[in-house]
Amino acid sequence: MFGPEELWAWSWPELKDLIDILIVAFLIYEMLRLVRGTRAVQMAVGLLLVALLYQLASWTGLGTVQWVLRNAAVYFGFALIVLFQREIRTALTHFGKTFHLPFRRARRAANEYGQDWYDEVVLAATTLSSEKIGALVIFERDVGLKTYIESGIQLDARLTYDLLVTIFNPHTPLHDGAAIVSNNRVAAASCFLPLTQNPLLSRELGTRHRAAIGITEDSDCCAVIVSEETGSISFAVGGRITRHLDGPRLRGLIHQAMEPWRTEAETAEQEAEERRRQRDLEEIAAGRRLDAAPAPPAESMREGSSL
């Protein structure tokens, strides 16, 4: 028989048990969050139905069905790896990025590449948008994109407005594909990217947008997309896409993605500053156009006065 003290001690779980339960709960939560809205949900439901079929065959004594499913279970582990390879890769990348985040923030106390190239990208995107020229620019962050860089034409050139506009000129051989930016340099152009398999995406999104979403699902990079049909500018990060952007809004999203240690208030203040600067530039340009407008001829002024 246990005494009161022994019963009290048995009723309280040990600290290691609580830690064990919390870790398992965290892993399950993160896995569910990663597969939400993807085809992995449908595949998981299919596997659950197979398991229910085996249990039903066991209850009803269907020996042949049990034999088939029991022998197929030998290859179950390989089937999981093949079916969920993208989700497994995404989960490992996500966990690695999560635990690497404190070191990343300590290392990137400031933007080591400056912010001038933000304006180069925004100016190139708005120019291509006004001419309805399609473009796809990928920005590498912490997860390397060497595999995709090697699939294209390697450039290793400094990121400038002229270079981006030239790459996506329809009359050049490099315009078909994506340009990948790494360490403030255009590492390669005409790169091939994986397409997203998300069934919930709008049918309005073409191959260029699906490739941008696919690469941001596979890594932590971000992407700027210019639609060839409508000229609309979009931004993709983390498998999500934001469409119909203007210049200041695009710059704010790039700034937030490339410098995630900044707070939302700082990002909003930066975006408001960009909008004010854009208005000032438009007012200056409008004033210069009025000053440069030709004056009416003197003869027409005399004719008007005589009338």
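Taking the stated definitions as given, is residue 133 over 15 Å from the mean Cα position of the chain (by Cα) and of a type outside the set (D, E, K, R)? Yes: the conditions hold for residue 133.
Here residue 192 does not fit the description of being of a type outside the set (A, V, I, L, M) and more than 20 Å from the chain's Cα centre (by Cα). Can you confirm whether residue 79 is within 36 Å of the chain's Cα centre (by Cα), part of a helix (DSSP H, G or I), closer than 26 Å to residue 196 by Cα and at pLDDT below 70? For residue 79, the condition - within 36 Å of the chain's Cα centre (by Cα), part of a helix (DSSP H, G or I), closer than 26 Å to residue 196 by Cα and at pLDDT below 70 - is not met. Considering only the stretch 33-75, how many residues are at pLDDT below 80, hydrophobic (A, V, I, L, M, F, W, C) and exposed (fewer than 12 other Cβ atoms within 10 Å of the Cβ)? Adding up the residues that qualify gives 2. Scanning the stretch 159-173 for residues that are assigned to a loop (DSSP other than H, G, I, E, B) and closer than 17 Å to residue 125 by Cβ yields a total of 5.
For the stretch 179-216, a residue qualifies if it is over 21 Å from residue 117 (Cβ atoms), buried (at least 23 other Cβ atoms within 10 Å of the Cβ) and touching a residue at least 60 places away in the same chain (Cβ under 8 Å), and exactly one does: 211. The stretch 188-307 holds helices (runs of 4 or more DSSP H) entirely within its bounds, and those carrying 1 or more residues that are modelled with pLDDT of 90 or more map to 207-218, 247-258.
Across the stretch 173-231, what is the number of residues that are hydrophobic (A, V, I, L, M, F, W, C) and farther than 16 Å from residue 138 by Cβ? The qualifying residues number 3. Among residues that are surrounded by fewer than 17 Cβ atoms within 10 Å (Cβ to Cβ), touching a residue at least 12 places away in the same chain (Cβ under 8 Å) and charged (D, E, K, R), residue 176 is included.
The values are calculated or read from the model by the stated rules, or taken from the named source; none is laboratory data. Remember, predicted model here, so these are calculated numbers, not experimental data. Because the Cβ atoms are built from the backbone with ideal geometry, glycine has one as well, and the counts that use them run over all protein chains shown.
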